[in-house]
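One structure, pasted below without further comment.
Quick note: the coordinates plus some simple rules give every number you see, no bench work behind them. Please read these numbers as outputs of a predicted model, since none were measured by experiment. We place every Cβ from the backbone using ideal geometry, glycine too, and count neighbours over all the protein chains shown.
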Amino acid sequence: MTSQAITLSEQFGARNYASLPVVITKAKGCWVKDEKGKKYFDCLSAYSALNQGHRHPRIITAAKNQLDKLTLTSRAFHNDLLGEFLKKLTEVSGLDKALPMNSGAEAVETSIKAARKWAYTVKRVEQNKANIIVCKNNFHGRTTTIIGFSSENQYKENFGPYCNGFKLIEFNNIQALEKAIDKNTAGFLVEPIQGEGGIIFPSKGYLKKAKEICEKNNVLLILDEIQTGFGRTGKMFAFQHENIKPDVLIVGKALGGGIMPVSAMISSKEVMQVFNPGDHGSTFGGNPLACAVGLESIKVIQEENLCEKSRVKGKYFLSELKKINSPFIKEVRGQGLFIGIEIKKEFFSAKPFCLKLLKEGVLVKETHERVLRLAPPLIVSTEEIDWAIKKIKKVFEVKKRFFYK
């Protein structure tokens, strides 16, 4: 029998999601419950927006306290939390200034605008000639500008015309980057790890080399860490694994602590100074409620040592997954608690495995057709990982090779 909640969603909502057939009504930590009270282990974390877990008590308290004081002023006026929030963002990133927005896509758009204006006003690129290099298999959001430089046909089909000014190159190809740069190149926009693309990792040293090439050619290195940021890979940010610093850092998802959308572009003084009053804005960007939530979300990650927990628990989770003897699995790869299980090509899709795991009480979602993304909250315990491993083994370890229907 179809849930009333699903029926209403399908009747009155757009068909832009293929959600798994479960209705979540309650959540805490790494666990959620459906309408009937059945528990599920959340191994998706709302695409890394729940690094601190569902309803973390400190973040909930910070939000409730702020709700009783002040929620929105717009940026027409100052509020008492914005400066502290921006300072915290610069401290954890090692950069100079931050510009708060709401969604990740908004922060990407903000970075594109900043890179272009920097190119014209600082680098002195000829007007309307600036280009930004991006990678195939990228995912930076769903706005019309962003989908225009996607290499995924479904993301862009019938949504044109598209915005010019982008060059598409192969991910993890330094030679392609060098070749694509010209006198009009403003920036190189890249994910340290391609999440939606299938948990794809570049070669060791790729980001470091990319940074060197960008510096040599006076090009901004713009890192999209919306999914990989705030402890997901075992460090506060993925770029820290290679001891580099981007010119522009894009953050979101876990910055909102699983409560509300909070994002930001963080950059150097040189880049950020290109904005003048009236150049850019957001009614809700940097609102007091978002600042309170964002501040506490970062403090939880720092004070509960979630980056190190992600590193240790991720290493354990990955090692246990690699022990699974399955005819379906091509590869298991990951860093921290950002893990992908790639299904062999002959089995076509990862979705049937998601549905099987759903029945076993594990919530995962396929990405890029044949990859299961495993990304539990960073607060996950060894015992919870062991429980999940048993369920995953049950689904994947079978004696007979067959296609799931």
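Is the shape of segment 140-287 rounded, prolate or oblate, going by the alpha carbon gyration tensor and its root eigenvalues a ≥ b ≥ c, with a/c under 1.5 for rounded and a/b larger than b/c for prolate?
rounded
Please turn the phi angles of segment 165-178 into ³J(HN,Hα) values with the Karplus equation 6.51 cos²θ - 1.76 cosθ + 1.60 (θ = phi - 60°), one per residue in order, whole Hz, x for glycine and proline.
Along segment 165-178, the couplings run x, 10, 10, 9, 10, 5, 5, 6, 10, 5, 5, 5, 5, 4 Hz.
What is the dipole size for the chain, taken about its Cα centre, with +1 at each Lys and Arg Cβ and -1 at each Asp and Glu Cβ, in debye to the nearest 20?
The calculation lands at about 1220 debye.
Oh, and also: Based on alpha-carbon centroids, what's the gap between segment 290-305 and segment 334-405 in Å, whole number please?
With segment 290-305 and segment 334-405 each reduced to a Cα centre, they are spaced 30 Å.
Another question about this same structure. List the aspartates and glutamates whose alpha-carbon lies under 15 Å from that of K136, not counting same-chain residues fewer than 8 positions away?
E152, E170, E191, E196, D224
With respect to the cross-link table entries K26/K69; K117/K208; K204/K269; K330/K351, which display a Cα-Cα separation exceeding 22 Å?
Those over the limit are K26/K69; K117/K208; K204/K269.
If you take the square roots of the eigenvalues of the alpha-carbon gyration tensor of segment 26-142 and sort them as a ≥ b ≥ c, do you get rounded (a/c under 1.5), prolate (a/b over b/c) or oblate?
Since a/c reaches 1.5 but b/c is at least a/b, the shape of segment 26-142 is classed as oblate.
Mind running the shape call on segment 292-405? Use the C-alpha gyration tensor, a ≥ b ≥ c as the square roots of the eigenvalues: rounded below 1.5 for a/c, prolate if a/b tops b/c, oblate otherwise.
Prolate, because a/c is 1.5 or more and a/b exceeds b/c.
Could you name the aspartates and glutamates whose alpha carbon sits less than 15 Å from that of K323, not counting residues in the same chain fewer than 8 places away?
Leaving aside aspartates and glutamates fewer than 8 places away in the same chain, those within reach of K323 are E331, E342, D386, E397.
Within the set K156/K183; K245/K391; K39/K299, which residue pairs have Cα atoms separated by over 32 Å?
Over 32 Å Cα-Cα: K245/K391.
Lys and Arg at +1, Asp and Glu at -1: add these up for the other residues within a Cβ distance under 12 Å of N172 and post the number.
+1
Farthest toward the dipole's positive end in the chain, which of L86, G252, Y206, given Cβ charges of +1 (Lys, Arg) and -1 (Asp, Glu) about the Cα centre?
The Cα lying farthest towards the positive end belongs to Y206.
Where does the chain land on Rg/Rh, using Cα atoms and the Kirkwood Rh?
0.96
Over the chain, what relative contact order in percent results from Cα pairs under 8 Å that are six or more residues apart?
Answer for the chain is 23 percent.
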